[in-house]
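Bear in mind these aren't lab numbers, they're just calculated from the coordinates by the rules spelled out. All values derive from a computational prediction rather than experimental measurement. Methodologically, a virtual Cβ is constructed for each residue, glycine included, from the backbone with ideal geometry; neighbour enumeration extends over all protein chains shown.
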Amino acid sequence: MPHVNEALAQTPPAVPDIESAYRPTHDERARQGFVSMIRKHSIMDMREALHADYVGRVEPELTRKGTPPRDWRAIEKAMETEASFRFYSAVRYNAQEMCYHSVQDPIERALPDMIDTARRAARLRPAGGTLRIADDFEVPRYVSSYDVHLAPGCFHSEYTPDDVAQGALVTLGGKVFGKSVPARRNEGAVAQSVSHWLKHGRPDFEPGRILDMGTAGGRNLIPYLDIYPDAEAHGIDVGAPQLRYGHARAEHLGRTVHFSQQNAERTDFPDGHFDLIVSSFFFHEVTLKATRAILAECRRLLAPGGMIVHMELPPEGMVSDYDNFFWNWDTANNNEPTYTLYRAQDPVRLCVEAGFDPGDCFSLHIPDYETVGPDRFAAFVRGEEAAPPHGRGGWYVFGSRKTG
């Protein structure tokens, strides 16, 4: 029997939670709660009021004048000068910015400790995960040209060696942001929902390797390991601070994840390397040219019998003209210039153009697992109940199986 000290020496040293150094003051937490409330008010209560104003006043007036709106662009033109829309836009825009501003001060105080934790995780790797940061990596212009989502510094900016600031900003600011959305109460809600959908609907499907594209800090990758604990999990992103942050969190949680800084348009993985490729809120933030390249790369990387399942915004053809007007607000107001062009596409057609067989492709809504609960979720998978629409308790997903 080994000596106690020898046994302790054989125990992998723990990596502290990188978020434990993040300690907002009472006033900072109060501010964050207020920001979440304001954002919830804008995207839920004011959303309903805006729709009521359009249906009850603006549309009837246009119809009376003989100019009923023909499409979402006509609705946008009619609404852009209305006080209801201008007030809604002002509140929502400022609330979005404040989500990130509300976490910046405590992040700045915690940053030295966070960086130390990330360095320790990369050095010790108690969970066995890996972190690859590329030398002289070229961040695509569709990321580097904008503070996407109004997040200052976007996903990729680095200000000091081994920086994790943008990982903290996006993750912690996203928690303030997410508290305003019922379907995002649980961190990793997309992965939780998709993985349960796969397990219920395709019980024989057991992926050996999983790839999450645009993984950020891995929050919508790690939950797949709850359903597929033997899978080898990989996450790629263009933002090095996100990957360092995510790697530290995964090592603290004891989850083996392999993070690497790569452009999803062209990765260094071999052909047929993955059985499941996923993403969350990803394609509407890249150009259409990049989207086509990424889907072609998905097909190259997918093993026969493997699947791609991408959660995204619903395409224009699946929702009403008014909903398209509402969804496409982000294009001009949330630093997401490719948003509208992406939503104008048919995701199934894009998959077919990338080489997937039309009969293997799918496009549908699935319920949020936590919102509906396990019993109703199972009822949906059995076809007994329709899934809620995206943004109202459901998620839109598209993808394909690779059979050829």
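Just a few scattered comments:
- Over the stretch 11-404: Rg over Rh, Cα atoms, Kirkwood Rh: 0.97
- Relative contact order (%) - the stretch 251-358, alpha-carbon pairs under 8 angstrom, separation at least six: 30
- Length added when fully stretched, ASN94-ASP346, from 0.36 nm per residue minus Cα-Cα: 87.5 nm
- You can think of it this way: the chain between ARG73 and ASP162 has 27.6 nm of extra reach, that is 0.36 nm per residue less the Cα-Cα gap.
- For LYS402, the lysines whose Cα comes closer than 24 Å to its Cα, not counting residues fewer than 8 places off in the same chain, are LYS199, LYS289.
- Largest first, the three principal axis extents of the alpha carbons in the stretch 241-393 are 41, 39, 36 Å in whole numbers.
- Radius 12 Å from Cβ of GLN262, net charge of other residues (Lys, Arg +1; Asp, Glu -1): -4
- Cα long-axis angle, helix 240-253 against the chain (0 to 90 degrees, to the nearest 10): 60
- Taking Cα centre as origin and charging only the Cβ of basic (Lys, Arg, +1) and acidic (Asp, Glu, -1) residues, the dipole magnitude of the chain rounds to 420 debye.
- GNM result for the chain, Cα springs below 10 Å: residue of LYS289, LYS65, LYS40 fluctuating most strongly: LYS65
- Rounded to 5, the percent of DSSP beta bridges in the stretch 161-277 classed as antiparallel: 10
- Approximate spin-label separation ARG123-GLU48, in nm, with each point projected 7 Å along Cα-to-Cβ: 5.4
- Within the shell of other residues whose beta carbon sits under 9 angstrom from the beta carbon of PRO314, the net charge comes to -2, with Lys and Arg scored +1 and Asp and Glu -1.
- The stretch 137-290, relative contact order [Cα under 8 Å, separation at least 6], %: 26
- Antiparallel DSSP beta bridges within the chain, percent to nearest 5: 35
- Mean separation of Cα pairs under 8 Å and 6 or more residues apart, divided by the residue count, gives the chain a relative contact order of 17 percent.
- Each residue of the stretch 48-57 is assigned a 3J(HN,Hα), and the resulting list reads 5, 5, 5, 5, 5, 5, 5, 5, x, 10 Hz, derived from the Karplus form 6.51 cos²θ - 1.76 cosθ + 1.60 (θ = phi - 60°), x at Gly and Pro.
- Sorting ILE43, ILE366 from the fewest to the most surrounding beta carbons within 10 angstrom yields ILE43, ILE366.
- Sorting 244-255, 22-33 by their mean Cβ neighbour count within 10 Å, with the most densely packed peptide first, gives 244-255, 22-33.
- Chain lengthening between PHE34 and GLU384 when straightened (0.36 nm per residue, less Cα-Cα): 122.0 nm
- Every helix of 4 or more DSSP H residues in the chain counts as -39500 (n - 2.57), and over all residues that averages to -14000 deg cm²/dmol at 222 nm.
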